[in-house]
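As structure tokens, the structure follows; a few thoughts come after it.
Any read-out appearing in this document is the output of simple, stated calculations on the displayed coordinates, not a laboratory observation. All values derive from a computational prediction rather than experimental measurement. Every residue, glycine among them, receives a Cβ derived from its backbone with ideal geometry; neighbour counts consider all protein chains shown.
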Amino acid sequence: MESINRVSKRYALLLGFSGWFVLFSFLLRIVFLFWQLSEIDITVFNLFKILSFGLLFDIGVLSFLFVISTLYILLVPKKYIGSIVDKIFIYFGFLVTLLIFVFTFFAEITFWEEFKCRFNFVAVDYLIYTFEVVQNIHESYPLYILIPSMLIITGIIYFYFAKNDFFNKTFTTKISFKNRIIPFLFSVALMLFYVFFISNSNADWSKNRYNNEISKAGIYSFFAELRNNKLDFKTFYNSISDELAFQLVRNNLKEENARFLANDFSIKRKIKDSLDSDLKPNVVFILMESMSASFMTEFGNERKITPFLDSIANKSLFFKNLQATGNRTVRGMEAVTLSIPPTPGQSIVKRPNNSNLYTISNVFKSKNYQCNFFYGGDGYFDNMNAFYGGNGFDIYDRGRGSVLSDKIKTTRHNIDDNEVTFENAWGICDEDIYNKMIKVADEYHQKKKPFLNFVMTTSNHRPYTYPENKIDIPSGTGRDGAVKYSDFALQQMLKKVKNKPWFKNTIFVFVADHCASSAGKDEIDVENYHIPAIIYGQNLIPPQKVTKLCSQIDVFPTLFGQLHWTYTSNFFGTDVLSKNYQERALIGTYLKLALQKDKVITILSNKKTNTSYNWYKESNKLKVAPNNKTELNETISWYQTADYLYLNNKLN
């Protein structure tokens, strides 16, 4: 008994720290519960499961800390216990670990505010792009309050442990090597149990997404996502034979004017328009940051924050029922550029072997177009420069010293300081990037070369800052202001180009990359994938409102159809206005992949499970429906074939 008492004293600080962590993690869970109280499924049993799973994952976090701490205690010779060196290591390790954990709790709150979930692959990405993230935090949150608060909390906790003799017990209790080996081996066994048997997806026990997210632990989720950055479709999802998958997809892609170019596992086909036009208008494509359909008056918003988009919608080919494929910018880029469903795990924009693919640039370059990509920040972020530079676009961005790989044969142009009037963490304001785009358009018009100018905007992003005195909402006060400024900048851009000699021969395409938020209590919040898409060309594109259900992947194939182009397609998207078009939308999260057909949603999970739902648009609710094998196989076919083509280098 005395031996056990002595051992517990040597480990007093570790055990006390563990108790503090579990307590704070429990309190954070309670905060999230009250935060989403109106949307979680709260019963006594569900509350018990949330807290039980939460404790399970909290112990998982501690298991890794146990291994490091018990290893140190194991290796310190008995005679050096309590020495100056021992005290320095323990004091330093305790304070650094404590500060990291306190910071993590604060970070989880801000992350939840933005994404309504625990740390996920977005947090992993943000760790890589430190400049933008640190700047964004600095501009979005009151650091003069947050940093002192973290230091004060850390100081109070340290004072508690010091006053209650935790350090003294740790330094004055000398135990033998034999009594230290058992805690170490137990810690290793516990850690290995979590490594091999406990997955972050074990927390997905409820149909209510918020119940699942609150059950998790932020640190555990972060490292789980770091580990699972890439997912093999057939390993993690229900699959069918490749023969059946391609047969089903090819049936969906059949058109009267399309001829498949191979009989193997391929979707490459020749689209032959009966008019076979040689029309070559310039195309200005704007991928609008976080521009949800719900911001527009056209879709019921009464705050009048998109007056320009609402005004031009009636003069354009306006998609009223178009869904984004994902909830991140790289997913939107992937969808419009490659015309492909979201592959599981990371977007192709950020994956290896993503150069020399068959993209929209191949179609434009076959018509002798110049293709340019514009981004107001550093295109190193989210691997944008590597992707677009490796797929036929010249790059225009802010640079900040990052360089393109020698393997990428493209031209990169820096946006100079004298071309910038306003800049925040994510890049220059939308007006500035449009001015740069206009300048480049002038250059290629003078060269008599048609151009595709692809612009990625940044202003509609936290910290929601933009030039002052442009609109009637002060900069930095919230999302509405950022939306209204983004709309204003589009209007100013169109005013400027209307006087350009190339305007009458130019088509403008406005599409959102994703919604401002995709979070909801269901596995996939369908309404939060609804985005606007507008194709405007004075005397070039007949105005029309398209109510068919469609996807981001259909935008460029529809434009090519409007231009009556004959071209080669390796795209999953099709012309929405074709009489053979079959209504559907492909939407996903990092792990969930779904097919929407009218009001039926079929969702594939990375745990080799699938669920069918009926979607009630009025209430934006999903209700479980009987599984339909035909619809399940069709859902699988879209994602399995996309994954197959990428992995087998057949997207070129």
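The table for this structure:
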| read-out | value |
| --- | --- |
| Given LYS270/LYS484; LYS268/LYS545; LYS350/LYS495; LYS254/LYS449, the pairs whose alpha carbons are separated by over 32 Å | LYS270/LYS484; LYS350/LYS495; LYS254/LYS449 |
| Estimated FRET transfer efficiency (HIS413, GLU243; beta-carbon r; R0 51 Å; 0.05) | 0.65 |
| Three-way shape label, region 476-574, alpha-carbon gyration tensor, a/c 1.5 | oblate |
| Three-way shape call for region 356-496 based on the alpha-carbon gyration tensor, with the a/c threshold at 1.5 | prolate |
| Sites matching trypsin sites (Lys or Arg not before Pro) across region 223-273 that sit in DSSP coil, with at most 11 neighbouring C-beta atoms within 10 Å | none |
| Ranked list, fewest to most other Cβ atoms within 10 Å of each Cβ, for MET384, MET150, MET288 | MET150, MET384, MET288 |
| Virtual spin-label span in nm between LYS304 and ASN179, 7 Å along Cα→Cβ | 7.8 |
| Proxy reagent accessibility, fewest Cβ within 10 Å first, across VAL61, VAL420, VAL284 | VAL420, VAL61, VAL284 |
| For region 138-241, convex hull of alpha carbons as volume per residue, Å³ | 221 |
| Whole-Hz couplings from phi, Karplus 6.51/-1.76/1.60, listed for region 357-368; x for Gly and Pro | 8, 8, 10, 4, 5, 5, 5, 5, 5, 5, 9, 6 |
| At R0 = 35 Å, FRET efficiency that the Cβ-Cβ distance of ASP598 and ASN353 yields, to 0.05 | 0.45 |
| Cβ-defined net charge surrounding GLU583, 14 Å radius [Lys, Arg +1; Asp, Glu -1] | +1 |
| Cα gyration tensor, region 279-580 - rounded (a/c under 1.5), prolate or oblate | rounded |
| Interchain or long-range residues, amide H under 5 Å from ALA512's placed H | MET288 |
| Between region 245-304 and region 137-188, the Cα center-to-center distance that results, in Å | 56 |
| Between region 552-593 and region 315-381, the Cα center-to-center distance that results, in Å | 13 |
| Set of aspartates and glutamates with alpha-carbon distance to LYS592 below 12 Å, sequence-local pairs under 8 removed | ASP204, ASP522, GLU523, ASP525 |
| Cut-off of 10 Å, at most 16 other beta carbons, DSSP loop: longest stretch of the chain lacking such GluC sites (Glu not before Pro) | 40-255 |
| Amide hydrogen neighbours beyond the local backbone of ALA533, cut-off 5 Å, H modeled | PHE319 |
| Fraction of antiparallel bridges per DSSP, the chain only, in percent to nearest 5 | 55 |
| LYS78-THR110 FRET efficiency (beta carbon distance; Förster radius 41 Å; 0.05 resolution) | 0.35 |
| Cα long-axis angle, helix 218-227 against the chain (0 to 90 degrees, to the nearest 10) | 60 |
| Mean separation of Cα contacts under 8 Å, 6 or more apart, over the residue count of region 279-580: relative contact order % | 33 |
| Principal-axis tilt of helix 242-253 within the chain, Cα atoms, nearest 10 degrees | 40 |
| log10 of Debye I(q)/I(0), alpha-carbon scatterers only, for the chain at 0.06, 0.09, 0.10 Å⁻¹ | -0.38, -0.80, -0.96 |
| Distance violations [Cα-Cα > 20 Å] among LYS320/LYS498; LYS87/LYS174; LYS367/LYS436; LYS272/LYS315 | LYS320/LYS498; LYS367/LYS436; LYS272/LYS315 |
| Nearest-ten-degree value, helix 44-75 long axis tilted from longest Cα axis of the chain | 60 |
| In region 495-534, trypsin sites (Lys or Arg not before Pro) in a DSSP loop with at most 15 other beta-carbon atoms within 10 Å | LYS498 |
| Derived scalar couplings ³J(HN,Hα) [region 338-354; Karplus, 6.51 cos²θ - 1.76 cosθ + 1.60; whole Hz; x for Gly, Pro] | 9, 6, 9, x, x, 7, x, x, 7, 5, 4, 4, 10, 8, x, 6, 10 |
